[in-house]
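Student: Handing you this structure, nothing more for now.
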Amino acid sequence: MSFKFDGFDKLVAISKDNADAIAQSGAATVKAFEEIAKAQQAVVAKGVEKADAAVKAMFSVKSPAELADLQSKLARESIEAAVADSRKLAELATSAFTAAFEPLNARFAAFQALTKVAA
């Protein structure tokens, strides 16, 4: 004896689509974390290089006035780089996580459309 429920096949298809969307979202999230980690590594590497250059430049100064000018220049460059790097990382995170939520948002929109049709 077998039972047949009206709409069971549709429910199975919806569940499969939801599972696929979750899998796609998970894969996109992993990719997003990888991209952000790579970008952060690049920022750290660039910072180490700049710090090394700054130390070398500070050891080459000949007067207190030259040291003060160099410190002012290095501080300004450091702040500008920090702002630019932060902006870049924020933009990367926003675009990456938008892509990660896209499959879930599509499923939510499909569910809303389905409930409107049923109502």
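Student: Given the conditions (1) modelled with pLDDT under 95; (2) more than 14 Å from the chain's Cα centre (by Cα), and given that A93 satisfies all but one, which numbered condition is not satisfied?
Tutor: (2)
Student: Whether any residue in region 97-115 is among the β-branched types (V, I, T), out of contact with any His (no Cβ under 7 Å at 6 or more places or on another chain) and surrounded by 13 or more Cβ atoms within 10 Å (Cβ to Cβ) is what I want to check. Talk me through it step by step, then tell me what you get.
Tutor: Filtering region 97-115 for residues among the β-branched types (V, I, T) gives 98, 115.
So of that shortlist, the ones also out of contact with any His (no Cβ under 7 Å at 6 or more places or on another chain) come out as 98, 115.
In the following step, the residues that additionally are surrounded by 13 or more Cβ atoms within 10 Å (Cβ to Cβ) were identified as none.
There is no residue in region 97-115 that is among the β-branched types (V, I, T), out of contact with any His (no Cβ under 7 Å at 6 or more places or on another chain) and surrounded by 13 or more Cβ atoms within 10 Å (Cβ to Cβ).
Student: Here's another thing I want to ask about it. Touching an Asp or Glu at 6+ places or on another chain (Cβ under 8 Å) and either within 30 Å of A13 (Cβ to Cβ) or free of Cβ contacts under 8 Å to residues at least 60 places away in the same chain (or both): is that true of P64 in this structure? Don't jump to the end; show me each part of the working.
Tutor: On the way: touching an Asp or Glu at 6+ places or on another chain (Cβ under 8 Å): no; either within 30 Å of A13 (Cβ to Cβ) or free of Cβ contacts under 8 Å to residues at least 60 places away in the same chain (or both): yes.
No: the conditions fail for P64.
Student: When residues of region 95-107 are filtered for being more than 14 Å from V30 (Cα to Cα) and without any contact (Cβ under 8 Å) to a residue 24 or more places away in the chain, how many remain?
Tutor: So the answer is 1.
Student: Given the criterion within 30 Å of F111 (Cα to Cα), at pLDDT below 95, in contact with a Phe, Trp or Tyr (Cβ under 7 Å, 6 or more places away or on another chain) and aliphatic (A, V, I, L, M), identify the matching residue among A32, A28, A19, A13.
Tutor: A32
Student: From A37, A54, which residue is over 22 Å from T94 (Cα atoms) and either at pLDDT 95 or above or part of a helix (DSSP H, G or I) (or both)?
Tutor: None of the others qualify; the one that does is A54.
Student: Please go through region 48-61 and give me each residue that is touching a residue at least 12 places away in the same chain (Cβ under 8 Å) and not basic (K, R), ordered by number.
Tutor: A54, A57, M58
Student: When only residues in region 65-90 that are of a type in the set (G, A, S) and under 13 Å from the mean Cα position of the chain (by Cα) count, which is nearest to V43 (Cα to Cα)?
Tutor: Here the residue is S86.
The values are calculated or read from the model by the stated rules, or taken from the named source; none is laboratory data. In this text, all values refer to a predicted model and were calculated from it rather than measured experimentally. Virtual Cβ from ideal backbone geometry, glycine too; neighbours counted across all protein chains shown.
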